[in-house]
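The values are calculated or read from the model by the stated rules, or taken from the named source; none is laboratory data. On a predicted model such as this, the values are computed, not experimentally measured, just so you know. All Cβ positions, even for glycine, are placed from backbone atoms using ideal geometry, and neighbour counts span all protein chains on display.
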Amino acid sequence: MPAIEIGRICVKIRGREAGKRCVILDIIDKNFVLVTGPKNVTGVRRRRVNISHLKPTEDIIKIRRGASDEEVYRALAESGKLEEYMRKEKLE
């Protein structure tokens, strides 16, 4: 399983945003991280999330800790992962 780290792209597996992709912006403690979609891209707003509700992917983007939604969007576009990122995951 990939590590939980800043810039890691994840899929939310629980809650109303289940199946949507997000990016880890900050690690709050051993159980919680700060994520964003950004909301205008995937519908996931900036919020604290339990790491047991995330499925990390192999993809990482280069962002600074606590980056803004605009910086995350720009990093996704520059890495060429934006179109793939916007797809919703089918959860089993």
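Annotations
Residues are listed down the side, and each one gets a yes or a no for (1) on the phi > 0 side of the Ramachandran plot; (2) touching a Pro at 6+ places or on another chain (Cβ under 7 Å); (3) among the basic types (Lys, Arg):
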| site | (1), (2), (3) |
| --- | --- |
| 14 | no, no, yes |
| 26 | no, no, no |
| 48 | no, no, yes |
| 64 | no, no, yes |
| 73 | no, yes, no |
| 76 | no, no, no |
| 85 | no, no, no |
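- Scan the stretch 27-38 for residues that are surrounded by 14 or more Cβ atoms within 10 Å (Cβ to Cβ) and either charged (D, E, K, R) or in a strand (DSSP E or B) (or both) and the total you get is 6.
- Residue that is of a type outside the set (D, E, K, R), in contact (Cβ under 8 Å) with a residue 12 or more places away in the chain and loosely packed, with under 15 Cβ neighbours inside 10 Å, where the choices are 3, 77, 67: 3
- Residue 23 vs. criteria under 16 Å from residue 85 (Cα atoms) and modelled with pLDDT of 95 or more: yes
- As for the stretch 61-83, it holds no residue that is part of a strand (DSSP E or B) and within 17 Å of residue 5 (Cβ to Cβ).
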